[in-house]
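These notes are about the structure you will find just below.
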Amino acid sequence: MLPSQAQWQAALEARHGRALQEKFSAATVALCGLGGLGSHIALTLARAGVGKLILLDFDRVELSNLHRQQYLPRQVGQPKALALADILREVNPYLALDPQVVQVTEDNLVPLLAGADCVCEAFDRAEAKAMLVNAVLEHFPEKFLVAASGMAGLGSANAITTRRLGPRFYLCGDGVSDVAGGLGLVASRVAVCAGHQAHMVLRLLAKEYEP
C-alpha cells in the first residue's frame, strides 16, 4: 500500500530532522545529462526528498548504457528524460518532476535552468561540460553549480574528491582520468563520483560548504 504524502514526509523528517528536510523539500535541482552520473544523482536526491528535479537530456536509452546507468532493459529506446522520470516516480511518488527531452545549449540553457537552485553538470563530453560550466557561471552566478571531471577506469575510488573552485562552484572527480585513456567508464567508479555530486548538493542545500 502506498504511504500517504504526510506519512512519506514524516518518515523523511524522522531521518533528517524537520528543519533540514524542509530545506531539501523546498529545493529545485537541475540535472544536465542523465547518463551514468545524472541517473545516479537523480535517484539519490529523490530518495533524500529533494522537492523538484529538472531532468534534461536529448539522448535515448541504449543497451550499452545498462551496465552503469539506472535504466531498465525494458526502457531501451526510450528518451532518457522520460524513462528516468518513470523510475523516479516509483522511488518517490511525491517528487515534482520536469523531464525535458532537449539538448542543453548556450542558446536555451537560461530558460531551462532559471528555476533551479542548484545545477548538476553530468555530461559525457568535455566540450559540453565546459560550455555548461562557463554559461552557468556567467548567467547564474547566484546558483550553486556541481560539476564532474575524471571518473574513468579502475583507479582507486579514494582519488575521487570534491573541491571548491569558486564561491558557488564545486568539482567532483579525480581531475585526471579520461574515457579515451584505456578501460573507459566502470559502473562502480562512476557511481562514486555521482555520490560525491549528490552529497555536495545536499550539503549545499543544508548550507554546509566546503572550505
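The values are calculated or read from the model by the stated rules, or taken from the named source; none is laboratory data. Source: prediction; values computed, not measured. Cβ atoms come from the backbone with ideal geometry, glycine included; neighbour counts cover every protein chain shown. Accessible surface areas use protein heavy atoms only, side chains included; no ligands, DNA or RNA. Shrake-Rupley method; radii C 1.70, N 1.55, O 1.52, S 1.80 Å.
Observations
- The label-point distance for Gln7 and Ala114, in a model that sets each label 7 Å from Cα toward Cβ, rounds to 4.0 nm.
- Cα centroid separation - region 54-69 against region 1-44, whole Å: 21
- The residues of region 114-211 have, on average, 47 Å² of accessible surface per residue, using a 1.4 Å probe with all protein chains present.
- Residue-normalised accessible area of region 1-101, expressed per residue, 1.4 Å probe, Å²: 48
- Neighbour net charge for Ala135 - beta-carbon separation under 13 angstrom, K R +1, D E -1: -3
- Three-way shape label, the chain, alpha-carbon gyration tensor, a/c 1.5: rounded
- Calculated over region 13-117: convex hull of Cα atoms, volume per residue (Å³): 93
- Value at 222 nm in deg cm²/dmol, rounded to 500, when DSSP H runs of n ≥ 4 in the chain each add -39,500 (n - 2.57): -12000 deg cm²/dmol
- Of the residues Arg15, Arg47, Arg68, Arg163, the one with the largest accessible area comes first in the ranking Arg15, Arg47, Arg163, Arg68, computed with a 1.4 Å probe on protein heavy atoms.
- Rounded percent of accessible protein surface that carbon and sulfur make up, region 1-117, 1.4 Å probe: 52
- Highest-fluctuation residue, Leu55, Leu154, Leu97 considered, GNM on the chain with Cα pairs under 10 Å: Leu154
- Net charge of the neighbourhood of Val186, taken over other residues with C-beta under 14 Å away and scored Lys/Arg +1, Asp/Glu -1, is 0.
- Sequence-separation-based contact order of the chain, relative, with Cα cut under 8 Å and 6+ spacing, percent: 21
- Charge context of Glu210, other residues only, Cβ under 14 angstrom, K/R +1, D/E -1: +4
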